[in-house]
1. Within a 10 angstrom radius of each residue's Cβ in B:26-37, how many Cβ atoms of other chains show up on average? Whole number is fine.
2. What is the Cα centroid distance between the range A:89-150 and the range A:69-86, reported in whole angstrom?
3. Kindly express, to the nearest 10 degrees and within the range 0 to 90, the angle between helix A:2-13's C-alpha long axis and the longest C-alpha principal axis of chain A.
4. Taking the Cβ of each residue in B:Leu104, A:Leu149 as the centre, tally the other Cβ atoms inside 10 Å and list the residues starting with the fewest.
5. How do A:His30, A:His195, A:His86, A:His121 line up, fewest other C-beta atoms within 10 Å first?
6. Please arrange A:Ile146, B:Ile191, A:Ile120 by counting, for each residue, the other beta carbons lying within 10 Å of its beta carbon, fewest first.
7. If you average the sequence gap of Cα pairs under 8 Å that are 6 or more apart and divide by the length of the range A:161-262, what percent do you get for the contact order?
8. What pairs in A:Lys70/A:Lys96; A:Lys70/A:Lys143; A:Lys201/A:Lys225; A:Lys59/A:Lys124; A:Lys186/A:Lys225; A:Lys166/A:Lys238 have C-alpha atoms more than 20 Å from each other?
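Values quoted throughout were computed directly from the atomic coordinates according to the rules given, and no laboratory measurement underlies them. Everything quoted here is computed from the prediction, not taken from an experiment. Positions of Cβ are generated from backbone atoms using ideal geometry, with glycine treated the same way; all protein chains shown enter the neighbour counts.
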Amino acid sequence: MKKILMTLALLFCIPHSPALAHFGMIIADHPVVTQDSREMQLTLSFSHPFAGHGMDLLKPRVFDVYFDGKTRSLLGDLEPARVMDHQAWQTMFPPKRPGVYQFVMEPQPYWEPAEDLSIIHYTKTVACAFGSEEDWDRELGLKTEIVPLSRPFGGYAGYSFTGQVKMNGQPVPGAEVEVEYYDRDKAYEAPSDVHVTYVVKADPNGIFTFSCPRPGWWGFAALNKGDFTLKDPQGNEKDVELGAVLWIELAPWTKNGDHPRE
Amino acid sequence: MIKPLWMTFLILFLTAGSAPAHRVNVFAYQDGDAVEVEASFPGGRPCVDCTVAFIDPATSKQIRSGRTDAKGQLRVPVPAPPLPAGLEVVLEAGQGHRASWVLLPEDMTPSAEPDSAAGLQAGVPEPEIKQVQTLDNGNSITLDKGELVTLIDQAVSRQLAPLKRMLLKEREPDPRNIVGSIGYLVGIAGIVAWMRSRRKA
């Protein structure tokens, strides 16, 4: 009897396994734009970033840039692209002035039959142009959002990132944040499925910290049940998972005279 | 005796530690007939009353200087005649705080356009694409020699821009870019030859 119960418990646990977490993604080739790299390429996708499994990303509902207190839609600039052999979107963005540029994607709801819910990841990345880093901590007022409490660009591998999870402008106490490394070159193998996605819980103020051990892109996804429902493909009202996703890039430690990007 | 010494060391240590955080930024763009300079600290505070030197990158000679106002801004006329290598704007904010911004030749238009601030990154307009479309339609060509020369000039300068930029940086140009630029030049020569032959016919 005990064995059967254990087996049932295990089976029950499997669908909740955080392995292969979904991540909305906005990846920039130069999130810190300098005079030598005057524009950046932004790539929007939807994937399991560590495993390298892509999913098709339909044309997003929203793709905005926030700069200097103003918002502008870049939806019309998006060109179809392929990421992990699936539909993705791309554009070049030339910042015109120094400052902090926040890019936000709201995808169309993604129906996930395995989880019996729709997924909407409000995905964000923060870029810095020409040395000006004012307002890197600005909250954009998204439906759900990770507000950075440590600067979300210009860091090195090993950097501890701290952020605050918010939903409808309010901190989410004890929010669960999934963390994944974007293994673009499929260079690493996880010793087990559990190692694919790291999970960290926020404190009562919705604040979490995670140290990123490797250079490259790291994604943080705070997933919460939405306060509304959406129809599944059969027309039944089902729950919605709202994700506040933030991507940051960490640079490698580079010796004098050996800049990999130049 | 020991205590003041200790304090001195502490003060020295603290001031030395805060210095690197006072990085300065300078940014310049063309606005009409003027070059607009903006100088600030990373948090956004303006660099007030700081020296700005304008340098011709080709000769490294200073051609003009000025000081920023209370908003950290400075406005000077666009150099005339235009500088082929662009314009380097160097900010001296004191105590070793120095920053520079290079306005590339393609960032500057000698004859100012009405909305050149917005066109800073837009670069040269692209009228020749329309021309290709009319060619595809088989319609007659209505370009006079002057227009043709302008179009070619624009296309060549745009294709040479990356080369110029690399030469400015005194780095080895990327062979792919060189081949690409030469390819464009050959292509443009081809279009010219073809249009000439068409006109004769």
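1. On the way: counts 3, 9, 0, 2, 0, 0, 0, 0, 0, 0, 0, 0.
The mean count of partner-chain Cβ atoms within 10 Å per residue comes to 1.
2. 12
3. Between the helix axis and the principal axis of chain A, the angle is about 30 degrees.
4. Values: B:Leu104 17, A:Leu149 14.
By the 10 Å Cβ count, ascending: A:Leu149, B:Leu104.
5. Values: A:His30 18, A:His195 12, A:His86 15, A:His121 24.
Sorted ascending by nearby Cβ count, the order is A:His195, A:His86, A:His30, A:His121.
6. The most exposed by this proxy come first: B:Ile191, A:Ile120, A:Ile146.
7. On the way: 171 pairs, mean separation 28.3, N = 102.
This gives 28 percent for the range A:161-262.
8. Working: A:Lys70/A:Lys96 14 Å; A:Lys70/A:Lys143 18 Å; A:Lys201/A:Lys225 15 Å; A:Lys59/A:Lys124 16 Å; A:Lys186/A:Lys225 31 Å; A:Lys166/A:Lys238 23 Å.
Check vs 20 Å cut-off fails for A:Lys186/A:Lys225; A:Lys166/A:Lys238.
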